[in-house]
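Let me begin by presenting the structure, written as structure tokens, before commenting on it.
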Amino acid sequence: MARWHIWFLELLLVPAAHVLVAPYTKVEESFTLHAAHDVLRYGLSPANWERWDHRTFPGAVPRSFLPPIILGLLSYPSAVIASATGIVTTSLGIQIIIRLTLVACFAAAFTHLARTLQRRFSTSTADWFVALTLAQFHIPFYAGRTLPNFTALPLVVLAFSLLLRDRLWSGIALFTATATVIRLEIALLAIPTALALVIQRRLSLPSALSAGMVGGFGSLLVSAPLDYMLWVPTLPHPSLPDFTALHTLWPELAAAHWNIVHGHADEWGIMPPTFYASALVKMLAGAAPLILLGLVWALLLGITAKTGHVFDNATLQRTVASVSRTLGPGVVSLVAVLSNVGHKEWRFIVYAIPALNIVAAACAAALAALPTRSLRMVARLGLTGLLAITAAFALFSSYVSTHNYPGGCVWRALEAARLPEGSVIHLHSYPLQTGASLFTFLRSDITSAAFPPPQDVQWTYSKSEDPALQTPQGAWLGDLEAVVTERWREFSEAEIDGHRMWALIGGCDGFDGVSMGKGGIEVRTSPKIGLLRRL
């Protein structure tokens, strides 16, 4: 078996395990996930667009439909086969298939980069790159999550790979297309990288401009008509009061303008400028000291220009120099510029991690190949320990994170309740934010080749934001059979004419914190969601 086959399997299986252990999603993932759901359920016929979820629940800002449509189309063959053969028996299984399809894209892109490292530098560098990437927590855990940042990540990694192969025009074009359609902050990678390549005389200014124009305008030529047709019938909408039909031609620009220029992103919190420095250390984990050592080591080798000594390593020097020249300007600009934006989230700079991991991998490969046997043994022992500690932290973080999706297990409580045919179940916002999705509505009336056959007993699921349904009396008067809410105490105690309206019949626990107990580290949980049935 070729080396890259092994890398691909490793890069596929580890994130896939994260998906299977934590199959549920949060509200930030819902736009892409639900649009992919609608592609599989209703197809792309304009006659069915009015049934798509975004027509009723568009989210806070518009996003491009191109990525979720592509993801849905890529998932379709597997979904059809799994449904037809009985491998998948509920719609939740289709959600997992969609997420695994995204994992496959991740694995393909990272394998492409690993092969580039093997060809340009060394097999050992590629091996360590794969090992460090998979030992970390954030990228493997989120590789199968339909956040826009992680639908963009495979394309960013592929662009890195193309740039390191000196396919500079293609790399810049791909950067620009990804920034235009999926995440605009990727322009902070694209523009400085292109400028650096021009200054280094590796790419002419006309070529850099043409790559940017083809990537930007070319992607808009595909996405703009699609987004316009899908978004315009939704407007005006109470959730999108500031957006017009013109905004839908370039949703990503409209969203960035609304969040940054109008300052709406700051409503989610303002973090200090040092936030990303701390976030990088957490994301890199054991790779962080290797990056520092690798940079200092390569710098000293360049300064001394002395060869033949025990620490001489031309491959390390060449790798660090190549990554610094080609990817460094973009990575530094991304982190520096976003550090001056008030609202910060670690996923906004996640694209920097693969580039930094290359430097860490080069350092690890150099340490593992030290010419003196005693030094080599000590170095390899230290590297093994560093990798083991990083992996242990990732495993623990993954275990803790599985408790962060209480809304995901609502379907279990509903199945245990055995509600009658035609029951109307209303879900409040918290369950929908923490795991409940269209795919967890197992007893919806779905007739599609990409979904398993409908269940024998079917229910109607309500996500209505009608204020009346948010109160115990309003929900009871609304003829709901069941309510799923974080306010179960209020509902279970409410009365009308001296009689209780709702009975608590089930619930879901969620993460409360981590503490030291008698048996060691303990993950605390507590009831977060209640399932109530009308009396």
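Observations on the structure shown:
- Residue that is farthest from the chain's Cα centre (by Cα) [pool: residues in segment 162-172 that are surrounded by fewer than 24 Cβ atoms within 10 Å (Cβ to Cβ) and aliphatic (A, V, I, L, M)]: L168
- Filtered by the rule that a residue be surrounded by fewer than 12 Cβ atoms within 10 Å (Cβ to Cβ) and in a strand (DSSP E or B), segment 496-513 gives H499, G513.
- Tabulated pairs, segment 275-299, first over 21 Å from F311 (Cβ atoms), second of a type in the set (G, A, S), C-beta under 6 angstrom, 6+ apart or interchain: Y276/S339; V281/A288
- Filter result for I191 (in contact with a helix residue (DSSP H, G or I) (Cβ under 6 Å, 6 or more places away or on another chain) and part of a helix (DSSP H, G or I)): no
- Selection within segment 174-187 - surrounded by 24 or more Cβ atoms within 10 Å (Cβ to Cβ) and assigned to a helix (DSSP H, G or I): L174, F175, T176, A177, T178, A179, T180, V181, I186
- Only residues that are closer than 22 Å to L327 by Cα and either aromatic (F, W, Y) or crowded, with 23+ Cβ neighbours inside 10 Å (or both) were counted in segment 77-106, giving 1.
- Residue in segment 71-87 that is within 16 Å of the chain's Cα centre (by Cα), closer than 24 Å to V181 by Cα and not small (G, A, S) present: yes
- Pairs meeting the criteria (first residue in segment 257-272 and modelled with pLDDT of 85 or more, second residue of a type in the set (D, E, K, R), beta carbons under 6 Å, at least 6 apart or on different chains) are M271/K344.
- S239 fulfils the conditions (1) touching a His at 6+ places or on another chain (Cβ under 8 Å); (2) touching a residue at least 60 places away in the same chain (Cβ under 8 Å); (3) outside any helix (DSSP H, G or I) except for a single criterion, (1).
- Odd one out for I70 among (1) β-branched (V, I, T); (2) outside any helix (DSSP H, G or I); (3) free of Cβ contacts under 8 Å to residues at least 12 places away in the same chain: (2)
- For the residues G422, G435, G408, the requirement of being within 27 Å of P140 (Cβ to Cβ), in a loop (DSSP other than H, G, I, E, B) and either touching a Pro at 6+ places or on another chain (Cβ under 9 Å) or without any contact (Cβ under 8 Å) to a residue 40 or more places away in the chain (or both) singles out G435.
Conditions (1) surrounded by 20 or more Cβ atoms within 10 Å (Cβ to Cβ); (2) at positive phi, marked per residue:
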{"position": "A17", "(1), (2)": "no, no"}
{"position": "A22", "(1), (2)": "yes, no"}
{"position": "E28", "(1), (2)": "no, no"}
{"position": "R41", "(1), (2)": "yes, no"}
{"position": "A47", "(1), (2)": "no, no"}
{"position": "G59", "(1), (2)": "no, yes"}
{"position": "R63", "(1), (2)": "yes, no"}
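- Test: residue in segment 455-473 that is of a type in the set (S, T, Y), touching a residue at least 24 places away in the same chain (Cβ under 8 Å), outside any loop (DSSP other than H, G, I, E, B) and more than 13 Å from V424 (Cα to Cα): no
- Hits in segment 293-314 (condition: out of contact with any helix residue (DSSP H, G or I) (no Cβ under 9 Å at 6 or more places or on another chain) and either among the aromatic types (F, W, Y) or in a helix (DSSP H, G or I) (or both)): V296, L300, I303, T304
- Among residues of segment 1-27, those that are of a type in the set (A, V, I, L, M, F, W, C), outside any helix (DSSP H, G or I) and touching a residue at least 12 places away in the same chain (Cβ under 8 Å), counted: 1
- Criterion: in a helix (DSSP H, G or I), of a type in the set (S, T, N, Q) and closer than 24 Å to A361 by Cβ - qualifying residue of S210, S161, S219, S223: S161
- Among the residues here, S64 qualifies as of a type outside the set (V, I, T) and assigned to a loop (DSSP other than H, G, I, E, B).
- Residue check for L33: buried (at least 21 other Cβ atoms within 10 Å of the Cβ), under 19 Å from S444 (Cα atoms) and not basic (K, R): yes
- Once segment 88-120 is narrowed to residues that are free of Cβ contacts under 8 Å to residues at least 60 places away in the same chain and more than 16 Å from the chain's Cα centre (by Cα), the residue that is nearest to L11 (Cα to Cα) is H112.
- The criterion of being touching a helix residue (DSSP H, G or I) at 6+ places or on another chain (Cβ under 7 Å) and not polar (S, T, N, Q) does not hold for R201.
- Taking the criterion of being touching a Ser or Thr at 6+ places or on another chain (Cβ under 9 Å) and not polar (S, T, N, Q), the residues of segment 458-476 that qualify are W459, Y461, K463, E465, L469, P472, A475.
- Those residues of segment 332-368 which are closer than 22 Å to L113 by Cα and outside any helix (DSSP H, G or I), in sequence order: V350, Y351
- All positions within segment 300-325 that are surrounded by 15 or more Cβ atoms within 10 Å (Cβ to Cβ) and either touching a Leu at 6+ places or on another chain (Cβ under 6 Å) or touching a residue at least 60 places away in the same chain (Cβ under 8 Å) (or both): T315, Q317, R318, T319, S322, V323
The values are calculated or read from the model by the stated rules, or taken from the named source; none is laboratory data. Remember, predicted model here, so these are calculated numbers, not experimental data. Reconstructed Cβ throughout: ideal geometry from the backbone, glycine too, with neighbour counts over all protein chains shown.
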